[in-house]
Amino acid sequence: MGGRYQVYCEGSILEASLRGRLKQSTASRVLVGDAVTVQVHDDRSATIETVEPRRSVLKRRSPGKSTGTRPVAANVDQIVVVGAARRPDWDPHLIDRFTAVAEVNGLPSVVVINKCDLTDDCQQHLEPYRAAGYPVVSTSVPNHEGLDGLRDHLEGRISLFTGPTGVGKSSLLNALQPGLRLRTGDVSRKSSTGRHTTVAAEMHPFGERGFVVDTPGLRDIGLWGLDPAEVEAAFPEIRRHGAGCRFDNCRHGEEPECAVIAAVANGEIRESRLTSYRRLLEESQRAARPWA
């Protein structure tokens with residue numbers, strides 16, 4: 001904040017500012033997850049000298065704009081998409097948007113359903129993602145359910161937590177890593193939506209060799225700039241079966257001999273995933289026709 005950065009260096013946190021030449025270069029904007037070189041001065045202040053090459057960048061659509069993207073985090077190994085079984089209720093189409101963004105950014109996802117102490121439907125909600133090939137975890141913080149399994153996915157990786165507002169991302173991280181003391185909040189009883197408790201992306205050491213990035217909850221992530229050609233690639237099981245369609249440009253709507261529709265009929269693809277694909281494709285096509 002205010003041009004100041006926190007840099008994790010050999011087990012301690014340094015307060016650092018940017019070298020002057022970096023301030024003048026938008027291409028060198030420092031992101032959460034960046035590896036940087038720093039110079040530590042005699043008064044224990046530090047200066048970020050360079051930003052190291054990134055092995056991955058998670059990007060999202062610029063807020064309020066139909067085109068253009070902005071980077072969110074660097075060097076992320078995986079996206080942990082968290083939804084809630086209740087309060088707010090599980091929304092598969094919103095979860096599908098998060099996994100789609102991860103796919104388009106070339107990042108693997110882990111799908112987590114939290115607050116499983118409030119319902120018996122958790123495994124049913126996870127089934128479409130298990131069938132699609134995603135690692136899935138069901139969790140409950142009060143019951144300490146699924147925490148060890150989720151911890152195994154996080155150890156040794158840089159994991160970015162995302163998902164709708166109010167699903168309990170910060171509560172999960174506090175339970176997984178005692179001592180983080182991330183802010184948590186209640187779900188609004190009037191709207192059944194969450195209140196923002198994380199206001200900016202924050203990165204924290206996790207375990208012995210990992211890091212977690214906690215992001216602000218989002219009620220609607222839109223398309224994050226997905227193009228129509230990217231939508232099928234954002235659904236791995238639809239991409240796999242789509243190779244068997246009769247027509248190369250099949251959109252898996254009403255085309256004859258569609259292998260994807262056949263896969264839904266025989267249970268290989270879950271219908272909710274095809275519905276999400278069609279919604280995203282329609283939205284992306286509409287966004288590509290600003291005059292419509």
Those residues of region 111-125 which are among the aliphatic types (A, V, I, L, M) and not in a helix (DSSP H, G or I), in sequence order: V111, V112, I113
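This table checks each residue for (1) over 18 Å from the mean Cα position of the chain (by Cα); (2) without any contact (Cβ under 8 Å) to a residue 40 or more places away in the chain.
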position: V38; (1), (2): yes, yes
position: T47; (1), (2): yes, yes
position: V51; (1), (2): yes, yes
position: R55; (1), (2): no, yes
position: R70; (1), (2): no, yes
position: A73; (1), (2): no, no
position: D96; (1), (2): no, no
position: A100; (1), (2): no, no
position: Q123; (1), (2): yes, yes
Residues in region 51-76 that are open to solvent by 50 Å² or more (accessible area, probe 1.4 Å) and either at pLDDT below 90 or closer than 30 Å to P142 by Cα (or both) total 9
Check on V80, touching a strand residue (DSSP E or B) at 6+ places or on another chain (Cβ under 9 Å), within 30 Å of V167 (Cβ to Cβ) and at pLDDT 95 or above: yes
Being within 17 Å of G210 (Cβ to Cβ) and either of a type in the set (S, T, N, Q) or surrounded by fewer than 17 Cβ atoms within 10 Å (Cβ to Cβ) (or both) is the filter here, so list the residues in region 130-152 that pass it. L147, D148, G149, R151, D152
Determine whether R19 is surrounded by 10 or more Cβ atoms within 10 Å (Cβ to Cβ) and at pLDDT 80 or above. yes
Considering (1) open to solvent by less than 10 Å² (accessible area, probe 1.4 Å); (2) over 15 Å from K169 (Cα atoms); (3) more than 14 Å from the chain's Cα centre (by Cα), say which one A84 fails and leave the rest. (2)
Does G156 satisfy being out of contact with any strand residue (DSSP E or B) (no Cβ under 7 Å at 6 or more places or on another chain) and at positive phi? no
W224 fails exactly one of the following numbered conditions: (1) open to solvent by 70 Å² or more (accessible area, probe 1.4 Å); (2) modelled with pLDDT under 90; (3) over 25 Å from S138 (Cβ atoms); (4) not hydroxyl-bearing (S, T, Y). What is the number of that condition? (1)
If I filter region 126-153 down to residues being aliphatic (A, V, I, L, M) and part of a strand (DSSP E or B), which single residue comes out as farthest from R273 (Cα to Cα)? V137
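Quick grid of which residues meet (1) in contact with a strand residue (DSSP E or B) (Cβ under 9 Å, 6 or more places away or on another chain); (2) in contact (Cβ under 8 Å) with a residue 12 or more places away in the chain; (3) within 17 Å of P92 (Cα to Cα); (4) surrounded by fewer than 16 Cβ atoms within 10 Å (Cβ to Cβ):
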position	(1), (2), (3), (4)
A233	no, yes, no, no
G242	no, yes, no, no
R246	no, yes, no, yes
N249	no, no, no, yes
E257	no, yes, no, yes
E271	no, no, yes, yes
S276	no, yes, yes, no
L280	no, yes, yes, no
A288	no, yes, no, yes
Collect the residues in region 175-194 that are open to solvent by 40 Å² or more (accessible area, probe 1.4 Å) and modelled with pLDDT of 55 or more, keeping them in residue-number order. Q177, P178, G179, R181, R183
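The values are calculated or read from the model by the stated rules, or taken from the named source; none is laboratory data. Note that the coordinates shown come from a computational prediction; the quantities given were computed from them, not determined experimentally. Because the Cβ atoms are built from the backbone with ideal geometry, glycine has one as well, and the counts that use them run over all protein chains shown. Heavy atoms of the whole protein, side chains included, go into the accessibility calculation; ligands, DNA and RNA do not. Shrake-Rupley method; radii C 1.70, N 1.55, O 1.52, S 1.80 Å.
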